[in-house]
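The values are calculated or read from the model by the stated rules, or taken from the named source; none is laboratory data. Remember, it's a predicted structure, so these values are computed and weren't measured experimentally. For neighbour counting, all protein chains shown are included, and Cβ atoms are generated from backbone atoms with ideal geometry for every residue, glycine included.
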Amino acid sequence: MDPAEFDKFAEEYLATHAKNLKISGEDSDYFARAKAEVLRRRWTRLGLAEPAAILDFGAGIGNAWPHLAAVFPGAAITGLDVSEKSLAIAERRFPGVATALRYDGDRIPLAEQSFDLIFSACVFHHIPAEQHIDLFAQLKGLLQPGGRMAIFEHNPLNPVTRHIVDTCEFDENAVLIPAAVMRRRQASAGLQAIETAYTGFFPGALAALRPLEQWMTALPIGAQYYTLARG
C-alpha cells in the first residue's frame, strides 16, 4: 500500500470518479450513501445493537463519513488511511464528523476490541492479495465480541464495473476480487458467519426499479457486493 499513490490522486479523486461513473448515471456520493443505507437495513434486520464505535478502514477523502453518521447517529467514527493528504481533505470536507488517523499500511495503531463495526468500501482491490489475510486478522482483533465487519468491493463479474475500473486512472493497479475469494480470505483470518450480498443492479436511468434490489442480493450480477462477517 503506497501512500504516495493515494496522495497523488487525493485532490483529483472526486473529479476522476465523476468522469468514470458517468456511465452509471450517478455520482460518487450516491454510491457512498447507498452503501451506508444497505448496511443500515441489514443491521436492523439482524437485530444488532446500535454500534457505539465504527472504523472506516481506508477512509480516503471521507466519502462515507456523513452517511455512516446519518444511519448510525450514536456512533463515534474513526477514519483510518495510509494517505495523510486524503485524510486532511476528509477533515476539511466533514469537520467534526470523524476522527482521522493515518497509519503506515503495516500495523494498525488501534487498541484491541475498540469497534462494534468495521466498514471498508472498495479498498482491498488496491491492497496486494498476499496482505489480505493478515489485514483481516488485524481488523478482526479490533472488533468487540459479536462485532461485525462490512467489506464492500467491486464485482468483477459485472461488465460495467470492469469498464469503469479499467478506464479509471485511480484504479490503474487495482485487482478485483471475486466474492468467493474474499470470503475464503476472511475465513482464513478467523472471521465467522460470513454472508455475501450483491448490490447496484440498476443504473440511474432505471432508478425506479431499485426497490426490487432487496430481493436480488443473491444474484452475482450486481455492480458491487459486500460481505458481512462476525469477529
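From the set of residues in the stretch 53-69 that are on the phi < 0 side of the Ramachandran plot and not aliphatic (A, V, I, L, M), which is modelled with the lowest pLDDT?
Looking at the filtered set, the residue picked out is ASN63.
From the residues in the stretch 106-134 that are among the acidic types (Asp, Glu) and at pLDDT 95 or above, which one is surrounded by the fewest Cβ atoms within 10 Å (Cβ to Cβ)?
GLU130
When you check GLY105 against the structure, is it assigned to a strand (DSSP E or B) and either touching a residue at least 40 places away in the same chain (Cβ under 8 Å) or touching a Ser or Thr at 6+ places or on another chain (Cβ under 8 Å) (or both), yes or no?
When the stated conditions are applied, GLY105 does not pass them.
Given the stretch 24-102, what helices (runs of 4 or more DSSP H) lie entirely inside it while holding 1 or more residues that are of a type in the set (Phe, Trp, Tyr), in contact (Cβ under 8 Å) with a residue 24 or more places away in the chain and farther than 27 Å from ILE164 by Cα?
The helices (runs of 4 or more DSSP H) meeting that bar are 28-45.
Among the candidates GLY200, GLY231, GLY204, single out the residue that is small (Gly, Ala, Ser) and either closer than 13 Å to ASN158 by Cβ or loosely packed, with under 12 Cβ neighbours inside 10 Å (or both).
Only one candidate qualifies: GLY200.
Taking into account only those residues within the stretch 202-220 that are under 16 Å from LYS35 (Cβ atoms) and outside any helix (DSSP H, G or I), which is modelled with the highest pLDDT?
Only one residue tops the list, namely THR217.
Taking the options GLU11, GLU50, name whichever one is among the acidic types (Asp, Glu) and modelled with pLDDT of 90 or more.
The conditions single out GLU50.
Return yes or no: is ILE164 touching a residue at least 12 places away in the same chain (Cβ under 8 Å), in a helix (DSSP H, G or I) and closer than 14 Å to ALA59 by Cα?
no
Write out, first by first residue and then by second, each pair whose Cβ atoms fall under 7 Å of each other, whose residues are 6+ apart or on separate chains, and whose first residue, in the stretch 182-193, is touching a residue at least 40 places away in the same chain (Cβ under 8 Å) and surrounded by 13 or more Cβ atoms within 10 Å (Cβ to Cβ) while the second is part of a loop (DSSP other than H, G, I, E, B) and not hydrophobic (A, V, I, L, M, F, W, C).
From residues that are touching a residue at least 40 places away in the same chain (Cβ under 8 Å) and surrounded by 13 or more Cβ atoms within 10 Å (Cβ to Cβ), the pairs are LEU191/GLY231.
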